[in-house]
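Participant: Quick one: the structure is below, questions incoming.
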Amino acid sequence: MDVTTTTHERASTSANPAIKQAGKLVNFFDERITASHWLKRNLRKVFPDHWSFLLGEIAMWSLLLVILSGVFLTFWFKPSMAHVTYEGAYVPLRGIVVSEAYASTLELSFEVRGGLLMRQVHHWSTLIFIAAMSVHMLRHFFTGSFRKPRELNWLVGLSLLVLGITNGFLGYSLPDDQLSGTGLRIVEGGMLAIPVVGTYLSYFIFGGEYPGEDIISRFYALHILLVPGLILALFALHLILLWYQKHTHWAGPGKTDKNVVGYPFFPVYMAKAGGFMFIAWGFIFLMAAAIQINPVWFWGPYDPASVSAGTQPDWYIGFLDGALRIMPAWKIDIFGSELTLSVIIPAVVLPGLIVTALALYPWIERKFTGDTREHHVLDRPRNVPVRTGLGVGFIVFYVLLWIAGGNDFFATVLHLPVNWVSRFLQISIILGPPLAFWITKRICLGLQRRDRDKVLHGDESGIVIVSPDGEFTERHVSLTQAHAYTLTAHERPTPLDPGPSTDAHGIPNPRYKANRRRARISRFYFGDVIEKPTEAEIRAAHDGEHHEIEQ
């Protein structure tokens, strides 16, 4: 006879009153929404274990800390540009007319208990969130996890990164200090450079002539309501897609595109994730307590007639500042109106091209490689040298622009004219990314050859053998089966074949030119890859080594 006990019946037999009440509560929900079936199915969901997957967790926990610290700051911050005379705790600014936003920021920094710490926690956690998101996106790019079926999640992640940068800049502008005001002035200049609608857009956002009276209150509403709401919605969608599509994993024994090898979500993954959350938060609090950031009392209140020197924006905006600094002074006249290319290209066109290229890349690669299959096993970056080279070229391009954002700083440190530094960076922007692509591709091909040699001949053992005729050779140790499988688990796609230009009856193929272009790009992607050793080559190499050892 089968005896079945419910959660409520098991809990009712316990002598602990708390367990009894918990059992009643669980049974109440289980009888109405059958939660136990959903929990049983999902709590045992498998997640792979690899350090690179922690990058997304760093972004998640830092985002949570951004929200919690931001809630604390909203209790004291006053988003108003109304003028008041400062009479607070910071003596050097007493008696100076400032905005309420700036005065409340000083109050938070010097008079609210824990206010300065929470300001710095908020700022540092924002920087780490954007940095973790950026590196997380790079990990997805280099390993090919953006491929089918994860194209939508790639777009969601890119949107999260763009929204994070946008909201970071909005928050950076709220204190109404000289540094943030200078950044707003640069943004306003970029708006004015947009043809036709630029002046209207600036007038609408600032509520009149720059700097207007409404920009802080409008940015505040966007910073705490609209953009965070979009970020949370997209983050929830990101987790839902991740949960539904299952996690990717690195190649290895037993790992295929049809399974996931790892640990269950509960209790293993939840315990590890919870511990990692406290590690991430502890690191951020340590930085906030020990490293000063954005001391607005040094810059003073914003004065449109003054420009701060020797300062740079937060790192995620630095590349745009650098693009503006090294862009040549180009302009053209169109129907009597001047189009300032030196502003519109770096401030509007460049970020638009970067975001568009990143958003479309999964479809671009699928179009040119002809790969339409689902992928759940990650690529090792060395096995896709062209994609890896493109990624490194983009990183070099970004870093050079980021360095250009501090061209005056480097000129001062190196005791060089700032024009020399700018000219060097202009040349480097053109030559650096292609050179980085070529070097990276050659390195990847070299690593592929080394992996092939390892599979054929094994690892170097450090044991040197001397033959009777005085020849020195090093003995190799055969790889384990698991290691050899990992090195050879990747695929070797063949370049596309454009096919004949005409059919059997001599009728021209209307798509032959397009197919030939795709074939050229496909050869560009896959034409130089190193073929994996065949079973016959492995057997022949091992037989030869055994023969040499016996001799």
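Participant: Considering amide H positions built from the backbone, and no H for Pro or chain starts, which residues 5 or more places from Gly370, or on another chain, come under 5 Å of its amide H?
Facilitator: none
Participant: To continue, here is another question. Give the Kirkwood hydrodynamic radius (Å, one decimal) of region 92-246, defined as one over the mean of 1/r across all pairs of different Cα atoms.
Facilitator: On the way: mean 1/r = 0.0556 Å⁻¹.
For region 92-246, the Kirkwood estimate is 18.0 Å.
Participant: Grab the DSSP H runs of the chain that are 4 residues or longer, score each as -39,500 (n - 2.57), total them, divide by all residues and round the 222 nm result to the nearest 500 deg cm²/dmol.
Facilitator: On the way: 22 runs with 330 residues, N = 551.
Calculated from helices alone, the mean residue ellipticity at 222 nm is -19500 deg cm²/dmol.
Participant: In region 454-540, with Lys and Arg counted as +1 and Asp and Glu as -1 at Cβ, which of these residues, Ala484, Gly462, Thr473, has the Cα nearest the positive end of the dipole, that is, farthest along it?
Facilitator: Ala484
Participant: If you don't mind, another one. Given H placed 1.01 Å from N in the peptide plane, which residues other than close sequence neighbours of Phe47 have an amide H under 5 Å from its amide H?
Facilitator: Correct list: Tyr263, Phe265.
Participant: Let me ask something else about it. Ratio to report: Rg/Rh of the chain, with Cα atoms as the point set and Rh obtained by the Kirkwood method; give two decimals. Don't jump to the answer; show the numbers that get you there.
Facilitator: On the way: Rg = 29.9 Å, Rh = 28.5 Å.
We get a ratio of 1.05 for the chain.
Participant: Let me check against my output: what whole-number percent is the relative contact order of the chain, with C-alpha pairs under 8 Å and at least 6 apart?
Facilitator: Numbers: 673 pairs, mean separation 82.3, N = 551.
Over the chain, the number comes to 15 percent.
Participant: Is there a quick way to get the dipole size of region 404-468? I mean about its Cα centre, with the Cβ of Lys and Arg at +1 and of Asp and Glu at -1; what is the value in debye to the nearest 20? Kindly include the intermediate steps, with their values, before the conclusion.
Facilitator: On the way: 7 positive and 5 negative charges, 49 e Å.
Using Cβ point charges on Lys, Arg, Asp and Glu, region 404-468 gives about 240 debye.
Participant: Can you give me the angle between helix 512-526 and the longest principal axis of the chain, using Cα atoms only, in degrees from 0 to 90, rounded to the nearest 10?
Facilitator: The helix 512-526 is inclined about 90 degrees to the chain.
Participant: Accessible surface of Val413 in the full protein assembly, 1.4 angstrom probe, to the nearest 10 Å²?
Facilitator: Here the residue's solvent-accessible area equals roughly 80 Å².
Participant: Work out from phi, with θ = phi - 60° and the Karplus expression 6.51 cos²θ - 1.76 cosθ + 1.60, the ³J(HN,Hα) of each residue of region 418-430, listed in order in whole Hz, and give x for Gly and Pro.
Facilitator: Working through the residues one at a time gives 4, 5, 5, 4, 5, 5, 4, 5, 4, 5, 5, 4, 7 Hz.
Participant: Another one. Just name one of Ala131, Ala59, Ser80: the one whose Cα is farthest towards the positive end of the charge dipole of region 36-133 (beta-carbon charges, Lys/Arg +1, Asp/Glu -1).
Facilitator: Farthest towards the positive end: Ala59.
Participant: Let me ask you something else. Which value, in debye to the nearest 20, gives the size of the charge dipole of region 314-446 about its Cα centre, when Lys and Arg are +1 and Asp and Glu are -1 at the Cβ? Please report the intermediate quantities before stating the final value.
Facilitator: Numbers: 11 positive and 9 negative charges, 117 e Å.
Charge dipole of region 314-446: 560 debye, to the nearest 20.
Participant: For helix 535-550, what angle does its Cα long axis make with the longest principal axis of the chain, in degrees from 0 to 90 and rounded to 10?
Facilitator: 70
Participant: Under the Karplus relation 6.51 cos²θ - 1.76 cosθ + 1.60, θ = phi - 60°, what is the ordered set of whole-Hz ³J(HN,Hα) values for region 82-95, x standing for Gly and Pro?
Facilitator: 5, 7, 9, 8, 6, 9, x, 7, 7, 4, x, 9, 5, x
Participant: Using the Karplus equation 6.51 cos²θ - 1.76 cosθ + 1.60 (θ = phi - 60°), what ³J(HN,Hα) coupling, rounded to whole Hz, does each residue of region 447-454 give in order, writing x for Gly and Pro?
Facilitator: So the Karplus estimates, Gly and Pro as x, are 5, 5, 5, 5, 4, 5, 5, 4 Hz.
Participant: Taking amide hydrogens as modeled 1.01 Å from N in the peptide plane, which residues meet the under 5 Å criterion relative to Leu339, leaving out close sequence neighbours?
Facilitator: So Leu339 has HN proximity to Ile332, Asp333, Ile334.
Participant: By per-residue mean of other Cβ atoms within 10 Å, what is the highest-first order of 472-480, 214-222, 454-462? Kindly include the intermediate steps, with their values, before the conclusion.
Facilitator: On the way: 472-480: 13.4, 214-222: 19.0, 454-462: 15.3.
The packing order, highest mean first, is 214-222, 454-462, 472-480.
Participant: Would you work out which of Ala411, Val384, Leu400 lies farthest towards the positive end of the dipole of region 368-417? Charges go on Cβ: Lys and Arg +1, Asp and Glu -1.
Facilitator: Val384
Participant: Dipole size in debye (nearest 20) for the chain around its Cα centre, Lys and Arg Cβ +1, Asp and Glu Cβ -1?
Facilitator: Working: 48 positive and 46 negative charges, 273 e Å.
In debye, rounded to 20, the chain gives about 1320.
Participant: Give me the angle, in degrees from 0 to 90, between the Cα long axis of helix 100-110 and the longest principal axis of the Cα atoms of the chain, rounded to the nearest 10.
Facilitator: 70
The values are calculated or read from the model by the stated rules, or taken from the named source; none is laboratory data. As the structure is a prediction and not an experimental result, all values here were calculated from the model. Reconstructed Cβ throughout: ideal geometry from the backbone, glycine too, with neighbour counts over all protein chains shown. To get the accessible areas, we keep the full protein, side chains included, count just its heavy atoms, and leave off ligands, DNA and RNA. Shrake-Rupley method; radii C 1.70, N 1.55, O 1.52, S 1.80 Å.
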